[in-house]
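The values are calculated or read from the model by the stated rules, or taken from the named source; none is laboratory data. Being a predicted model, the structure only gives us computed values, none of them experimental. Glycine also receives a Cβ, built like all others from the backbone with ideal geometry; neighbour counts cover every protein chain displayed. SASA here: full protein model, heavy atoms, side chains in, ligands and nucleic acids out. Shrake-Rupley method; radii C 1.70, N 1.55, O 1.52, S 1.80 Å.
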Amino acid sequence: MIERSGRTCYKSEDLITIKSSERFITSIIKSGHDSVLEHASASFRIVTNRFTTHQIVRHRLFSYSQESQRYCNYTKDKFDKEICFVRPIEIHPYEDDLEFYSWRLSCQLAEKSYFDMISNGSKPEVARSILPSSCKTELVMTGNFRNWRHFLKLRCDSHAQSDVRYLANEIKGILCCMAPTVFGDL
Ligand SMILES: Cc1cc2nc3c(=O)[nH]c(=O)nc-3n(C[C@H](O)[C@H](O)[C@H](O)COP(=O)(O)OP(=O)(O)OC[C@H]3O[C@@H](n4cnc5c(N)ncnc54)[C@H](O)[C@@H]3O)c2cc1C
């Protein structure tokens, strides 16, 4: 798709062979003719915590659909009547670890307060206000390959926060497998 679209510029579609895309796309990337990469796109369904998706959604050119704490009532059977939390990567789940102990305790307290509020008549959209950013969330994220390259450059970098960096590296691994010519240089 990328090669066929890009070769329109030069009317060189006759040069397309089974192997020609690698050289063409590599030269497109080298020359900074990045808009051609916008002809291909990828979607990911991501399950993580809300502080990670808060960083992800800063990337304005993607399209997102995210689990809404306004509409989801975690006291219902379909959520197993519990709130799921996703531990930050840097907290290790050892029983005698004080950091882990404090994190888990505050999640348990938040869950209890949420359930109390709902049973006292609060709507989920109000009860959610006390939930921490470690709450599990689900997000579908769609973007073109140019955006994905930009996202991966920023979020796989050593300056990126560790949870979003972990996620970005997982995504990079998949994209490198699916489209090595476009993502292999990252
Ligand atoms: C290590 C790191 C630390 C960060 N720390 C903070 C922080 O402390 N506080 C904070 O608020 N944010 C922080 N951010 C978020 C950061 O400021 C960006 O909001 C985020 O990385 C999205 O990047 P972007 O704007 O380049 O990308 P996107 O929104 O994905 O946009 C892609 C590109 O499109 C172009 N573009 C998009 N919209 C516009 C526009 N309106 N005008 C002109 N060009 C546009 C730009 O070239 C941009 O690079 C951090 C990000 C990183 C990676």
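Quick notes on this structure:
- Test: residue in segment 111-125 that is farther than 30 Å from residue 35 by Cα, within 15 Å of the ligand (Cβ to nearest atom) and modelled with pLDDT of 95 or more: no
- Residue 99, sole failed condition from (1) open to solvent by 50 Å² or more (accessible area, probe 1.4 Å); (2) in contact (Cβ under 8 Å) with a residue 60 or more places away in the chain: (2)
- Number of the exception - residue 45 against (1) within 30 Å of residue 178 (Cβ to Cβ); (2) without any contact (Cβ under 8 Å) to a residue 24 or more places away in the chain; (3) open to solvent by 80 Å² or more (accessible area, probe 1.4 Å): (2)
- Filtered by the rule that a residue be open to solvent by 60 Å² or more (accessible area, probe 1.4 Å) and part of a helix (DSSP H, G or I), segment 130-149 gives 130, 146.
- Criterion: of a type outside the set (Phe, Trp, Tyr) and under 19 Å from residue 114 (Cα atoms) - qualifying residue of 36, 47, 57, 86: 86
- Test: residue 152 is of a type outside the set (Val, Ile, Thr), within 16 Å of the ligand (Cβ to nearest atom) and part of a loop (DSSP other than H, G, I, E, B): no
- When each of 87, 128, 70 is tested for being closer than 30 Å to residue 151 by Cα and out of contact with any strand residue (DSSP E or B) (no Cβ under 9 Å at 6 or more places or on another chain), the lone residue that passes is 70.
- Residues in segment 48-70 that are within 16 Å of the ligand (Cβ to nearest atom), surrounded by fewer than 17 Cβ atoms within 10 Å (Cβ to Cβ) and farther than 19 Å from residue 133 by Cβ: 60, 61, 63.
- Just one of the listed residues (127, 168) is farther than 19 Å from residue 90 by Cβ and either open to solvent by less than 60 Å² (accessible area, probe 1.4 Å) or of a type in the set (A, V, I, L, M, F, W, C) (or both), namely 127.
- The single condition among (1) more than 23 Å from residue 177 (Cβ to Cβ); (2) open to solvent by 60 Å² or more (accessible area, probe 1.4 Å) that residue 73 does not satisfy is (2).
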